[in-house]
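The values are calculated or read from the model by the stated rules, or taken from the named source; none is laboratory data. Everything numeric in this text was worked out from a predicted model, so none of it was measured. Cβ coordinates were reconstructed from backbone atoms using ideal geometry, including for glycine residues, and neighbour counts include every protein chain displayed. Surface areas here come from the heavy atoms of the whole protein model, side chains and all, with no ligands, DNA or RNA. Shrake-Rupley method; radii C 1.70, N 1.55, O 1.52, S 1.80 Å.
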Amino acid sequence: MDDQELIRLAVEARTRAYAPYSHFQVGAALLAADGTVYQGCNIENAAYTPSNCAERTAFFKAVSESCQRFRAIAIVGGPEGGSLQLTAPCGVCRQVMMEFCDPETFRILMADERGQQKEYLLKELMPESFSAADLALCTGERMKISHPEPDSLRCASAVAKRVSPAPGDPGGEYEAKSSRQLDFEEKKTKEESAWIKVSGTT
Ligand code: THU
């Protein structure tokens with residue numbers, strides 16, 4: 001599945017948009033890790049708030065079919081009867097992406113009528129995001145991992161370190177740290193070593 005085909009499937013999905021209130025029609029095509037594509041369109045409602053974006057329609061279709069691993073999403077949008085304009089996912093959809101996608105690798109493609117394209121990684125559109133890793137940190141909970149893993153592992157937006165049992169044993173408890181916390185600690189270490197170096201030479 002190449003990017004052009006994924007965009008074509010988003011354009012096709014947009015033809016099914018139900019947007020009688022905003023008259024802004026959006027289509028999405030979500031590429032799963034196994035190669036399956038889930039299409040979605042925006043679905044509005046007279047009460048406004050129950051409206052759903054094209055991206056979330058695609059995600060919810062996929063997850064309700066037991067699919068939870070994704071590689072990329074193509075998004076196209078524009079006014080009804082008008083031309084496509086580069087359409088970025090809204091904040092709520094970005095948060096839904098954070099739940100199921102690796103921000104380091106998940107690609108978000110946008111395209112317009114003139115063949116202009118933009119591509120981002122989820123981490124670029126969702127910096128400093130809130131995710132499952134934050135919950136593990138806030139509550140002091142430990143991530144329980146039931147299969148053999150190395151002593152530390154990196155998942156979507158967290159790094160987990162084995163805390164028990166002894167390294168090498170299967171299973172055990174891992175302490176989770178969000179990438180944000182790690183960034184902070186790495187910077188602090190760098191600053192400290194820079195400071196030590198400076199004070200050592202004066
Ligand atoms: N919309 C989407 O479906 N996806 C986006 O990325 C932006 C906005 C929809 C929601 C609503 O139905 C219409 O576009 C106008 O906001």
Using only the heavy atoms of the protein chains and a 1.4 Å probe, how would S51, S66 rank by accessible area, largest first? S66, S51
Leaving ligands, DNA and RNA out of it, work out the accessible area of I7 with a 1.4 Å probe and give it in Å² to the nearest 10. 20 Å²
For the stretch 38-102 and the stretch 106-133, what is the separation of their Cα centres, given in Å? 12 Å
What FRET efficiency comes out for the pair A46/E104, r = Cβ-Cβ distance, R0 = 41 Å, nearest 0.05? 0.55
When the solvent-accessible surface of protein heavy atoms is calculated with a 1.4 angstrom probe, in what order do T87, T15 fall, highest first? T15, T87
Viscosity 0.692 mPa s, temperature 37 °C: Stokes-Einstein D of the stretch 5-67 from its Kirkwood Cα radius, in µm² per second? 281 µm²/s
I need the chymotrypsin sites (Phe, Trp or Tyr not before Pro) found in the stretch 4-43, filtered to DSSP loop residues with at most 16 other beta carbons within 10 Å of theirs. Y21
Which GluC sites (Glu not before Pro) from the stretch 58-106 combine a DSSP loop assignment with at most 14 other Cβ atoms within 10 Å? E65, E80, E104
Hey, rough spin-label estimate for A33 and C90, points 7 angstrom out along Cα→Cβ, what's it come to in nanometres? 2.9 nm
With every protein chain left in place, what is the accessible area of C41 in Å² (1.4 Å probe, nearest 10)? 20 Å²
So how much accessible area does M110 have, in Å² to the nearest 10, using a 1.4 Å probe? 10 Å²
Once the piece of chain linking E113 and D3 is laid out straight, how much longer is it, given 0.36 nm per residue of separation minus the C-alpha distance between them? 38.1 nm
Full-extension gain in nm, S83 to E65, via 0.36 nm per residue minus C-alpha separation: 3.2 nm
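Tell me which trypsin sites (Lys or Arg not before Pro) from the stretch 28-78 have a DSSP coil assignment and no more than 14 other beta carbons within 10 Å of their own.
For trypsin sites (Lys or Arg not before Pro) across the stretch 28-78 that sit outside H, G, I, E and B with at most 14 neighbouring Cβ atoms in 10 Å, the list reads R69.
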Please list, ordered by chain and number, the residues whose modelled amide H lies under 5 Å from the amide H of N42; skip anything fewer than 5 residues away on the same chain. Y18, V26, A54
Suppose accessible area is computed on protein heavy atoms with a 1.4 Å probe; arrange E5, E124 from highest to lowest. E124, E5
